[in-house]
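The values are calculated or read from the model by the stated rules, or taken from the named source; none is laboratory data. Note that the coordinates shown come from a computational prediction; the quantities given were computed from them, not determined experimentally. Cβ sites come from the backbone with ideal geometry, for glycine too, and all protein chains shown count toward neighbours.
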């Protein structure tokens with residue numbers, strides 16, 4: 001990785017602390033990641049005290065599955081079964097790692113490619129995008 005993963009988590013921790021100290025914050029912080037951000041949602045849920053996490057077509061989550069057991073907050077992770085960036089082998093490993101987490105919702109959308117949630121992207125998949133957004137909203141409402 002060219003990106004410093006550990007520094008990324010430190011930066012996220014600073015943001016979480018800053019948000020919690022704001023008058024307009026009720027003390028709860030959820031984190032949403034797209035693509036590259038998926039790994040950092042997973043790591044923040046494992047290492048930081050976030051209250052909910054969600055990712056759309058999150059990449060590289062599979063690199064840190066050993067930390068999944070530390071996650072107790074609601075999680076909502078969404079993948080497409082045609083995604084070449086997050087292949088089904090990785091998605092299946094993610095599903096297996098989260099299998100005992102009753103607060104985790106992991107969905108795989110048939111026919112959906114990477115970037116399925118982005119309306120401006122050629123891979124946009126309306127059904128998957130709508131279903132995943134509803135699931136993420138439900139996840140965040142649970143915190």
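Any residue that is in a loop (DSSP other than H, G, I, E, B) and either touching a residue at least 24 places away in the same chain (Cβ under 8 Å) or within 15 Å of residue 53 (Cβ to Cβ) (or both) - is there at least one of those in the stretch 92-99? Checking the stretch 92-99: at least one residue is in a loop (DSSP other than H, G, I, E, B) and either touching a residue at least 24 places away in the same chain (Cβ under 8 Å) or within 15 Å of residue 53 (Cβ to Cβ) (or both).
Every residue, every condition in (1) at pLDDT 95 or above; (2) in contact with a helix residue (DSSP H, G or I) (Cβ under 9 Å, 6 or more places away or on another chain); (3) under 15 Å from residue 41 (Cα atoms); (4) surrounded by 22 or more Cβ atoms within 10 Å (Cβ to Cβ), yes or no:
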position	(1), (2), (3), (4)
77	yes, yes, yes, yes
80	yes, yes, no, yes
109	yes, yes, no, no
129	yes, no, no, no
133	yes, no, no, no
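Screening 62, 53 for residues that are in contact with a helix residue (DSSP H, G or I) (Cβ under 6 Å, 6 or more places away or on another chain) and either outside any helix (DSSP H, G or I) or in contact (Cβ under 8 Å) with a residue 40 or more places away in the chain (or both) leaves exactly one candidate, 53. Counting just the residues of the stretch 91-100 that are farther than 15 Å from residue 56 by Cβ and in contact with a helix residue (DSSP H, G or I) (Cβ under 7 Å, 6 or more places away or on another chain), which one comes out surrounded by the fewest Cβ atoms within 10 Å (Cβ to Cβ)? If we take residues in the stretch 91-100 being farther than 15 Å from residue 56 by Cβ and in contact with a helix residue (DSSP H, G or I) (Cβ under 7 Å, 6 or more places away or on another chain), then 93 is surrounded by the fewest Cβ atoms within 10 Å (Cβ to Cβ). Scanning the stretch 105-123 for residues that are part of a loop (DSSP other than H, G, I, E, B) and within 16 Å of the chain's Cα centre (by Cα) turns up 114, 115, 116, 117, 118.
Of all the residues in the stretch 5-37, those that are farther than 21 Å from residue 138 by Cβ, assigned to a loop (DSSP other than H, G, I, E, B) and within 19 Å of the chain's Cα centre (by Cα) number 2. Among the residues of the stretch 21-35, write down those that are without any contact (Cβ under 8 Å) to a residue 60 or more places away in the chain and surrounded by 14 or more Cβ atoms within 10 Å (Cβ to Cβ). If the condition is that a residue be without any contact (Cβ under 8 Å) to a residue 60 or more places away in the chain and surrounded by 14 or more Cβ atoms within 10 Å (Cβ to Cβ), then 29, 31, 33 are the ones that fit.
Scanning the stretch 38-50 for residues that are under 16 Å from residue 139 (Cα atoms) and in a helix (DSSP H, G or I) returns 38, 41, 42, 44, 45. Just a yes or no: is a residue in the stretch 73-81 touching a residue at least 40 places away in the same chain (Cβ under 8 Å), in a loop (DSSP other than H, G, I, E, B) and more than 18 Å from residue 137 (Cα to Cα)? No, there is no match, as no residue in the stretch 73-81 is touching a residue at least 40 places away in the same chain (Cβ under 8 Å), in a loop (DSSP other than H, G, I, E, B) and more than 18 Å from residue 137 (Cα to Cα).
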